[in-house]
Amino acid sequence: MKYKGIIFDLDGVICSTDEYHYLAWKALADRLGIPFDRERNNLLRGVSRMASLEIILEKSDKTYTEEEKAAFAEEKNTRYRELLGRMSPADLSDDVKTTLEALRKTDLKLAIGSSSKNTPFILERIGLRDFFDAVADGNCITHSKPHPEVFLKAAGMIGLCPQDCLVVEDAHAGVEAAKAGGFDCAAMGDARDDERADRHLEKFSDLLKI
Ligand code: BG6
Ligand code: MG
């Protein structure tokens, strides 16, 4: 591998918490009578909680105050955290687990670059709290993806420049963020066929072939 470090997105890359985001937003959208489906949910990948809410509300014919929006985001997050609270290390797939273990045995620096403010909670639940060399997340950035801030922060934390890092992403917004920051990007999941990506992963363990 020509890289010195890998920066992983979290939701939809390391674990399937993207599904929980969907379920929690879907419950809110249904309660408010707003059309929302899995295809529309793909637009929320990588973007912040409030930006996600704005995308959902685009399909509403009502306008809401900032206070109402804050309450909706809180309602979604409470439901989302209930789902996260049920997670355990068993929720890490074998494919991800064995790949991370193999990468940990190399000289590569491994970091998280996620827009989520729930990153510490998720890492704790799945048993990876102390696994990564650095964690940059929604708690330490002002701009979420597609802005490159979170990846630049992660690279800085592991002492590497973007050219030496590979970003792994499942979101189009994340691929855009990686490229904007000067990183190579391996795309998987929903973003797998994104033409801006440098690598296209069928599954997480394909990283070991790079
Ligand atoms: C990203 C998800 O990782 O985190 C987005 O892909 C989500 O869907 C964003 O909106 C923010 O997450 P949280 O946990 O801070 O609401
Ligand atoms: Mg993701």
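Here Arg49 meets each of (1) closer than 16 Å to Ala187 by Cα; (2) touching a residue at least 60 places away in the same chain (Cβ under 8 Å); (3) not assigned by TED's automatic domain parsing to the domain that holds His147 with one exception, condition (1). Every listed requirement among (1) out of contact with any Ser or Thr (no Cβ under 6 Å at 6 or more places or on another chain); (2) more than 13 Å from ligand 1 (Cβ to nearest atom) is met by Arg49 save one, (2).
Looking only at region 6-50, filter to residues that are within 14 Å of ligand 2 (Cβ to nearest atom) and among the aliphatic types (A, V, I, L, M); which one of those is farthest from the chain's Cα centre (by Cα)? Looking at residues that are within 14 Å of ligand 2 (Cβ to nearest atom) and among the aliphatic types (A, V, I, L, M), I get Leu43.
Can you tell me which residue in region 1-11 is farthest from Leu43 (Cα to Cα), limited to those that are of a type in the set (A, V, I, L, M) and not in a loop (DSSP other than H, G, I, E, B)? Checking each candidate, the answer is Ile6. Scoring Lys76 on the criteria (1) open to solvent by 20 Å² or more (accessible area, probe 1.4 Å); (2) in a helix (DSSP H, G or I); (3) touching a residue at least 24 places away in the same chain (Cβ under 8 Å) leaves a single failure, condition (1). Residues in region 12-34 that are polar (S, T, N, Q) and part of a helix (DSSP H, G or I): Thr17 only.
Among the residues making up region 35-52, those that are part of a helix (DSSP H, G or I) and crowded, with 20+ Cβ neighbours inside 10 Å are Asn41, Leu44, Arg49, Ser52. Of all the listed residues (Ile126, Ile158, Ile112, Ile141), the sole one being more than 16 Å from ligand 2 (Cβ to nearest atom) and of a type outside the set (Lys, Arg) is Ile158. Could you go through region 139-148 and let me know if any residue there is buried (at least 20 other Cβ atoms within 10 Å of the Cβ), modelled with pLDDT of 95 or more and within 24 Å of Lys209 (Cβ to Cβ). Checking region 139-148: not a single residue is buried (at least 20 other Cβ atoms within 10 Å of the Cβ), modelled with pLDDT of 95 or more and within 24 Å of Lys209 (Cβ to Cβ).
The values are calculated or read from the model by the stated rules, or taken from the named source; none is laboratory data. Note that the coordinates shown come from a computational prediction; the quantities given were computed from them, not determined experimentally. Positions of Cβ are generated from backbone atoms using ideal geometry, with glycine treated the same way; all protein chains shown enter the neighbour counts. What goes into the accessible areas is simple: the full protein's heavy atoms, side chains included, and nothing from ligands, DNA or RNA. Shrake-Rupley method; radii C 1.70, N 1.55, O 1.52, S 1.80 Å.
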